[in-house]
Each structure stands twice: as structure tokens, then as C-alpha cells.
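The values are calculated or read from the model by the stated rules, or taken from the named source; none is laboratory data. As the structure is a prediction and not an experimental result, all values here were calculated from the model. Virtual Cβ from ideal backbone geometry, glycine too; neighbours counted across all protein chains shown.
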Amino acid sequence: MKNDLISIVVPCYNEEEVLKLFYNEVEKIKEKLGNASIEYLFVNDGSKDQTLDILRRLAEIDSNVRYLSFSRNFGKEAAMFAGLENAAGNYVVIMDADLQDPPELLPKMYNIIKNEEYDCVGSRRVNREGEPPVRSFFARQFYKIINRISETEIVDGARDYRLMTRQMVDAVLEIREYNRFSKGIFSWVGFDTKYLEYENRNRVAGETTWSFWSLMKYSLDGIVAFSDTPLAISSLIGLSSFIISIVMAIIVAIRTLIFDDPTSGWTSLVVIILAIGGLQLFCLGILGKYIGKTFLESKNRPIYIIKETEKNSLIYKKERKF
Ligand code: UDP
Ligand code: MG
């Protein structure tokens, strides 16, 4: 029987400070993987620092290191997809470069996927220590909301750090949507996943690229990608304000006809017009979000564009001299 090959997919965006540390840490746990060998597949997501140079050098000294370098920053979702698509292993694991995903969990994951009947072993943070409290609060609310309105289960605290069988990776690759929300996609494809729990860790160096607002936008994108409940809510709002207006019209008519008391005052009218106008814009906004997503999908653009890999790296450098 052929030995297993585990592909380690590592999305990297401005990670010059941590790449070497990361590589050394993973090298340390290599022996614990039994007969399985590993390949690194770094995906340089348009970094503006020395990340690509470090990857070139790593690939030169270690033939197990491969890399893909994008033509610009396409985002972590695109980087993960490119990694999965180009991984050669019969098992694939996605790991952040900043060592927030502990490499020492990998042997455990491999053991479970080999000996138990799971297709995927994921990881879950059991706490959010070291994170700003406001962010934790909104994160928890996000998981509550999305799990209530979406049929796809999104596990709270689950990281993208997961070891998958080739079968599951191929299933994930079948989903070629442009607006990718991997947390949902991994769960949507099904298969049996076991979650290992661990305490949150902070980045070893460098800085997170997520600001509060980018996380907010990411959550909204996740909701739009995996639920159409907001659309239903907007029609519900429309319907209820219509019913209220009919009831009010009847009340006004009765008051005028029976009590000869026409309603006066334009203040109330202005308030009502503003309220209804606001609701209409709000619902249009929701609608627009979905139409915008459909628009982007219908363009059918590639999810990422590769500029350089370890295979054309030398040619590339020679060409540059001219
Ligand atoms: N990342 C990426 N492209 C981006 C942003 C981030 O490939 O546009 C990578 C980054 O290099 C890291 C991982 O995604 O390996 C997670 O990023 P980060 O640590 O900033 O996020 P956090 O851990 O705070 O969620
Ligand atoms: Mg991180």
C-alpha cells in the first residue's frame, strides 16, 4: 500500500515574521506522523513584504515545499481554495501561518482520521482569550443568528484548521462559487467531522488583517451566502406595515363618518411617510445585497490568479533581468 501524503495548505498574507517559525514548528512534529509524508503548499496571497522571497528560498532548500503566488491579494478564502485545488496529497490540512493553529494537533488529527470513521477532523477554540471583548460578543451573536436562520450548521469557534480526506476535498472543490464562505461550505458538503478542542492562542508575531468592520462585513457575507431568511424578513415587514395601514385607514374612515372628526396634523403624516420610506429602503438594501452577489457570481470570474509557483520561479527570475 502506498504511504499517505498529507498536504499542508498555508494561506500567507504578509507573514515574513512568522514563516520560518512556522516551518520549524511543523518540521518538529513531522516524525510523529508515522509513515505519512508531508508536502507544504504555501499560498502567497499578494503579500507586500518579503513573504514570497522567503517561500522561494524555502522551496530551494526543501523539495517538500511548494508554493503558489497570486497576482494580487485575493483574500484568505481564495487562498484556501487555490491550496485545496493544487494539493497533491490524499489528505489535506489547512493551517494558518501565524501558529494560532497548533501544529502539534496534527498527529492527533491524522490518528483519528486514519483509525476512526471520520472524513474530517477539525479544531475548535473553546475560549476567545486575548480577543477584545466587543469582538467576542459580536462573534457569539453572529453564530447565534446564522444558526437560527440558516439550515447549514456553522460551529461556534470552529477554525479553518482541519484535516480532510481526498474525497471531502474533492467535494469542496466542486463548489465553485465566487463568494466563498468556507465555514459554511465545509459543513454544507456533509461528511463526518470530529472537532478537537483547544485553548485560544495569540499570533506568534505580525498582526491580524481583520479589523472590526472587515469581520462585520464577512459575517454579513456569510449570512447572505447561506440563508435567504433576510429576504423573507423584508417581505414580512412589508406585509405587516401594509396590514397596519389598512387597519389605520378603517379607523380614520370610521372616525370621520361616525364622529365627524377628520384627523388633523401633518406631523403624524410626516412620521409615517419617513417610517415607511425608511423600511422600503432597508428592504431594498437587503434585496440589493443578494442581487449584488448574484451579479458577481454570474460574471464567472476565476477565484484566483497565479503569477508564480516553485516550478516557474527560476525562469521567472531570469526573465525579469531583461
Ligand atoms: N490571510 C490571507 N489573505 C488575507 C488575509 C489573511 O491569506 O487577505 C492568511 C494569513 O496570512 C493567515 C490566515 O489567513 O495565515 C489568518 O489570518 P489572520 O491571522 O490575520 O486572521 P485571524 O487569525 O486573526 O482570524
Ligand atoms: Mg491568525
Test result for ILE154, buried (at least 16 other Cβ atoms within 10 Å of the Cβ) and part of a helix (DSSP H, G or I): no
Qualifying residue in segment 242-259 (condition: hydrophobic (A, V, I, L, M, F, W, C) and under 30 Å from GLN100 (Cα atoms)): no
Test set (1) more than 16 Å from ligand 1 (Cβ to nearest atom); (2) in contact (Cβ under 8 Å) with a residue 24 or more places away in the chain; (3) closer than 30 Å to LYS108 by Cα - PHE186 fails condition number: (1)
Members of segment 66-82 that are buried (at least 21 other Cβ atoms within 10 Å of the Cβ) and touching a strand residue (DSSP E or B) at 6+ places or on another chain (Cβ under 8 Å): ARG66, TYR67, LEU68, SER69, PHE70, LYS76, ALA78, ALA79, MET80, ALA82
Pairs with Cβ under 7 Å, 6+ apart, first in segment 195-214 and at positive phi, second near ligand 1 (Cβ under 10 Å from one of its atoms) and in a loop (DSSP other than H, G, I, E, B): GLY206/ASN14; GLY206/GLU15; GLY206/VAL18; GLY206/ASP98
Segment 83-98, residues that are near ligand 1 (Cβ under 10 Å from one of its atoms) and surrounded by 20 or more Cβ atoms within 10 Å (Cβ to Cβ): GLY83, ILE94, MET95, ALA97, ASP98
Selection count where residues are within 10 Å of ligand 1 (Cβ to nearest atom) and among the charged types (D, E, K, R), scope segment 207-228: 1
Search result, residues across segment 43-60 that are buried (at least 21 other Cβ atoms within 10 Å of the Cβ) and charged (D, E, K, R): ASP45
Test for TYR198: is it closer than 21 Å to ALA79 by Cβ and within 15 Å of ligand 1 (Cβ to nearest atom): no
Residue in segment 54-66 that is modelled with pLDDT under 90 and of a type in the set (Asp, Glu) present: yes
Selection within segment 48-103 - outside any loop (DSSP other than H, G, I, E, B) and within 15 Å of ligand 2 (Cβ to nearest atom): THR51, LYS76, GLU77, ALA79, MET80, ILE94, PRO103
Failed criterion for LEU236 (all others in (1) without any contact (Cβ under 8 Å) to a residue 12 or more places away in the chain; (2) within 14 Å of ligand 1 (Cβ to nearest atom); (3) more than 20 Å from LEU296 (Cβ to Cβ) hold): (2)
Tabulated pairs, segment 239-254, first surrounded by 11 or more Cβ atoms within 10 Å (Cβ to Cβ), second among the charged types (D, E, K, R), C-beta under 9 angstrom, 6+ apart or interchain: none
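Yes/no per residue for (1) within 16 Å of ligand 1 (Cβ to nearest atom); (2) surrounded by fewer than 22 Cβ atoms within 10 Å (Cβ to Cβ); (3) assigned to a helix (DSSP H, G or I):
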| residue | (1), (2), (3) |
| --- | --- |
| VAL9 | yes, no, no |
| LEU21 | yes, yes, yes |
| LYS28 | no, yes, yes |
| LYS32 | no, yes, yes |
| LEU41 | yes, no, no |
Hits in segment 184-219 (condition: basic (Lys, Arg) and either closer than 20 Å to PRO103 by Cα or modelled with pLDDT of 95 or more (or both)): LYS194, ARG201, ARG203
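Could you tell me whether segment 194-214 includes any residue that is assigned to a helix (DSSP H, G or I), surrounded by 15 or more Cβ atoms within 10 Å (Cβ to Cβ) and among the hydrophobic types (A, V, I, L, M, F, W, C)?
Narrowing segment 194-214 to residues assigned to a helix (DSSP H, G or I): 212-214.
Retained after the next criterion (residues that are surrounded by 15 or more Cβ atoms within 10 Å (Cβ to Cβ)): none.
The answer is no; no qualifying residue exists.
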Output for segment 31-58, where each listed residue is among the small types (Gly, Ala, Ser) and closer than 18 Å to GLU77 by Cα: GLY46, SER47
From ARG135, ARG56, ARG140, ARG66, residue being in contact with a Ser or Thr (Cβ under 8 Å, 6 or more places away or on another chain), farther than 28 Å from GLU174 by Cα and not hydrophobic (A, V, I, L, M, F, W, C): ARG56
